[in-house]
Amino acid sequence: MRLSVAIDGPAGAGKSTIAKIVAKKYNLMYINTGAMYRAVTYKALEKDISPDNIEALCDLIKDMEMHFENDELYLNGVNINDQLTLPNISKNVSAYASIKEVRVRLVALQRDMSKKYDVIMDGRDIGTVVLKDASFKFFLTASPEERATRRYEELIAKGLEVQYDSILKEIIQRDYLDSNREIDPLTKAEDALEVDTTGINIEQVVEKICEYINKEFEFSTR
Ligand code: C5P
């Protein structure tokens, strides 16, 4: 059986930073499922397809081939990573991610990837839906203020002009939409280990996660 690690949690909880480090330690393929929902949003906005135009969206997603190389998403062979974190995508992504047809297609792609590779996958529904039988499940949280500060610093470092207040507002709104949507809302899987990352640094979070994985490994091979 393939090894799989699920990391869920709200926006800006540090999932992708942590997942990339843990991926290197255990030689796993990192699958950023948020990037896949962002890619759909990016293409839909480019083609002016609104979230309620289900037919056009279905046409769009059926021709979208996605894969990851060096932690980055390639859409139909093109690396589009830089476009995916732009504020306009963040603002609109939850609306596209709440559509059943979009989720069905992306969940199928994600499961295919987990069959081909040992993976660490981060998102909102990995432990509860995509990889219900994941070898290890984690749920990362942090206060909205801390998450907004992290996103703000990340975007400023990329040279973007952004306001802390509008990032905080967007994060709170996205959490609300992701947690309250009808299909596969953001929730902690019952068997996930919750890690509150408020006030602790990346190394400390990685340590907690690796400690847990190593302990379980030891236990299962005893
Ligand atoms: O992880 P990230 O913040 O990049 O995710 C962007 C958005 O994609 C989320 O706010 C959510 O609406 C959607 N998403 C999802 N299910 C996932 C991953 C992301 O609905 N597994």
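Structural remarks
- Residue match in the range 145-152 (condition: crowded, with 22+ Cβ neighbours inside 10 Å and either modelled with pLDDT of 95 or more or in contact with a helix residue (DSSP H, G or I) (Cβ under 8 Å, 6 or more places away or on another chain) (or both)): yes
- Pairs, first on the phi > 0 side of the Ramachandran plot and open to solvent by less than 50 Å² (accessible area, probe 1.4 Å) in the range 160-184, second assigned to a loop (DSSP other than H, G, I, E, B) and not polar (S, T, N, Q), C-beta under 6 Å, six or more apart: 184/125
- Within the range 12-40, the set of residues being part of a loop (DSSP other than H, G, I, E, B), near the ligand (Cβ under 10 Å from one of its atoms) and among the aliphatic types (A, V, I, L, M) comprises 13 only.
- Scanning the range 50-67 for residues that are at pLDDT 95 or above, part of a loop (DSSP other than H, G, I, E, B) and either farther than 19 Å from residue 109 by Cβ or open to solvent by 80 Å² or more (accessible area, probe 1.4 Å) (or both) yields a total of 5.
- Among the residues of the range 68-117, those that are open to solvent by 40 Å² or more (accessible area, probe 1.4 Å), under 23 Å from residue 133 (Cβ atoms) and touching a helix residue (DSSP H, G or I) at 6+ places or on another chain (Cβ under 9 Å) comprise 100, 105, 111.
- Checked against (1) under 17 Å from residue 134 (Cβ atoms); (2) aliphatic (A, V, I, L, M); (3) open to solvent by less than 20 Å² (accessible area, probe 1.4 Å), residue 29 passes all but condition (3).
- Applying a threshold of 6 Å to beta carbon distances and a minimum spacing of six or more residues, or different chains, the list of pairs starting in the range 20-35 at a residue that is over 11 Å from residue 73 (Cβ atoms) and ending at one that is within 15 Å of the ligand (Cβ to nearest atom) and of a type outside the set (Val, Ile, Thr) reads 20/30; 20/71; 23/30.
- Scanning the range 130-141 for any residue that is touching a residue at least 40 places away in the same chain (Cβ under 8 Å), on the phi > 0 side of the Ramachandran plot and crowded, with 17+ Cβ neighbours inside 10 Å turns up nothing.
The values are calculated or read from the model by the stated rules, or taken from the named source; none is laboratory data. Just so you know, these numbers come straight off a predicted model, no measurement behind them. Don't worry about glycine lacking a Cβ; one is built from the backbone with ideal geometry, like all the others, and counts go over all protein chains shown. Accessible surface is based on the protein model in full, side chains and every heavy atom, while ligands, DNA and RNA are left aside. Shrake-Rupley method; radii C 1.70, N 1.55, O 1.52, S 1.80 Å.
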